[in-house]
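This report refers to the structure that appears directly beneath it.
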Amino acid sequence: MPTEWSPTDREDLQRNYAEMLDPAYRQRWSLENPGNALAFEERKRLLDNLVEGRVPGPSVVLDLGCGSLSALPKDLARSTLIGVDLLFGRLHELEPGHAAALVNADGCMLPLRSGSVDVVVMSVMLSSVLDGGARRQICAEVDRVLSPGGLVVWYDFRYPSPGNRATKRVGRRQLTELFPGYSVTIRSVTVLPPVARALGDHAEVWYPRLRAVPALRSHLAGTLTKPGALQ
């Protein structure tokens, strides 16, 4: 039975969120930086391609972590969207109308019926969970609420972040262990953020070239398909 995060884990996440509100942090990730903007557009395009044609008809989409609402695949725009986040402040920042429901809840104990969700978006979410037990519980809950044949849309760090000890990478092998039995289609994407930011006005020329070098790709993106027929 899933249990809530420990007080230490929750404090770590709260501290990480407070750092994200710092003006210096926001400036570092500002889309006014050409490299950041290209990485963001690449992410949106990738997520669009991953989902295109794979979710027939109206569907229920769970955005776990809610930080990805601005980058949701366009094929999910008409779906019933549920945003869940452990931190109330992140929910408060979202614009009204982005989701049918915004829920302040623990990913280890999702307040949703089993098999009630068609797509779960996990975008830069699990890397913020440092405890291995909590990670397993969250993924077990995702599996519980996801319908047979449903999709997990994945985008997260594959490298450790030396400048951010509040994150922990999620590799390919870990993904297959966290979602046993799922069909996993995953690939490396996105130029290392510090490198992309440093490109400045040369980003349009150099970002595509650097993206072609596998070692310079910082994230994994893809889909994990639950066994069974999509309802």
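The values are calculated or read from the model by the stated rules, or taken from the named source; none is laboratory data. If you're wondering where the values come from, they're calculated on a predicted model, not measured in any experiment. For neighbour counting, all protein chains shown are included, and Cβ atoms are generated from backbone atoms with ideal geometry for every residue, glycine included.
Which of the residues spanning the range 192-219 are within 18 Å of residue 155 (Cβ to Cβ) and in contact with a strand residue (DSSP E or B) (Cβ under 7 Å, 6 or more places away or on another chain)? Across the range 192-219, the qualifying residues are 192, 193, 207, 211, 214, 216, 217, 218, 219. Based on this model, can you work out whether residue 43 counts as among the charged types (D, E, K, R) and at pLDDT below 80? No: the conditions fail for residue 43.
Summed over the range 159-175, the residues that are assigned to a loop (DSSP other than H, G, I, E, B) and buried (at least 21 other Cβ atoms within 10 Å of the Cβ) give a count of 1. Taken over the range 131-152, residues that are in contact (Cβ under 8 Å) with a residue 40 or more places away in the chain, of a type outside the set (Gly, Ala, Ser) and assigned to a helix (DSSP H, G or I) amount to 9. Of all residues in the range 79-92 being at pLDDT 70 or above and farther than 17 Å from residue 109 by Cβ, which is nearest to the chain's Cα centre (by Cα)? Applying the filter and picking the extreme gives 81. Residues in the range 55-71 that are modelled with pLDDT of 70 or more, of a type outside the set (S, T, N, Q), buried (at least 18 other Cβ atoms within 10 Å of the Cβ) and on the phi < 0 side of the Ramachandran plot: 55, 60, 61, 62, 63, 64. Looking across the range 196-231, the residues that are β-branched (Val, Ile, Thr) and surrounded by fewer than 15 Cβ atoms within 10 Å (Cβ to Cβ) come down to 205, 213.
Residues that are touching a Leu at 6+ places or on another chain (Cβ under 7 Å) and either modelled with pLDDT under 70 or part of a loop (DSSP other than H, G, I, E, B) (or both) within the range 15-40 comprise just one, 17. Just to be sure before I move on: is residue 151 buried (at least 19 other Cβ atoms within 10 Å of the Cβ) and more than 17 Å from the chain's Cα centre (by Cα) in the structure I sent? Judged against the criteria, residue 151 is not a match. Give me a count of the residues in the range 123-144 that are out of contact with any Gly (no Cβ under 7 Å at 6 or more places or on another chain) and more than 16 Å from residue 181 (Cα to Cα). So the answer is 11. Being hydrophobic (A, V, I, L, M, F, W, C), over 15 Å from the mean Cα position of the chain (by Cα), under 21 Å from residue 40 (Cβ atoms) and at pLDDT 95 or above: is that true of residue 191 here? Answer is yes for this residue.
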